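J.: Below is one structure. I have some questions about it.
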Amino acid sequence: MFLVLYSIRSNLNVAIQFCQSLRSGTLVSNVHGVLCMIRLRIKEVAAEKGISIAKLARKADLDYKTVYRIVNDPYAEISTVTLGRLAEALKVSVKDLVEDAPNQE
């Protein structure tokens with residue numbers, strides 16, 4: 001269990017090195033000094049794999065309402081543990097589920 005959590009955290013740190021946390025709507029400076037926000041790609045990846053919200057919730061052992069909220073709000077606040085569970089359920093790396101979204105000023 002510890003090895004899995006360490007691996008998830010390690011992958012997450014690589015994916016978003018420029019960010020201190022995954023707070024919803026938090027603006028941060030990336031490595032290039034450009035303000036950006038973290039955007040989750042759960043909905044897109046699940047759709048590519050043909051996995052419904054209900055099936056994803058079951059596979060990730062998460063409450064349906066939690067997954068529904070995350071899928072419908074790509075800027076939702078999410079823990080690294082939840083992100084790791086979703087990545088495992090979708091059989092992708094954590095870094096495939098996050099992207100930096102430039103600030104829309």
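J.: Pop a pseudo-label 7 angstrom from the Cα along the beta-carbon direction at both residue 41 and residue 79 and give the gap in nm to one decimal.
T.: Computed distance between label sites residue 41 and residue 79 equals 2.5 nm.
J.: So how far apart, in nm, are the two label points at residue 58 and residue 96 if each is 7 Å from Cα heading toward Cβ?
T.: So the label points at residue 58 and residue 96 sit 2.1 nm apart.
Rule-based calculations on the coordinates, nothing more; no lab input. Worth saying up front: this structure is predicted, and the values here are computed from it rather than measured. Cβ sites come from the backbone with ideal geometry, for glycine too, and all protein chains shown count toward neighbours.
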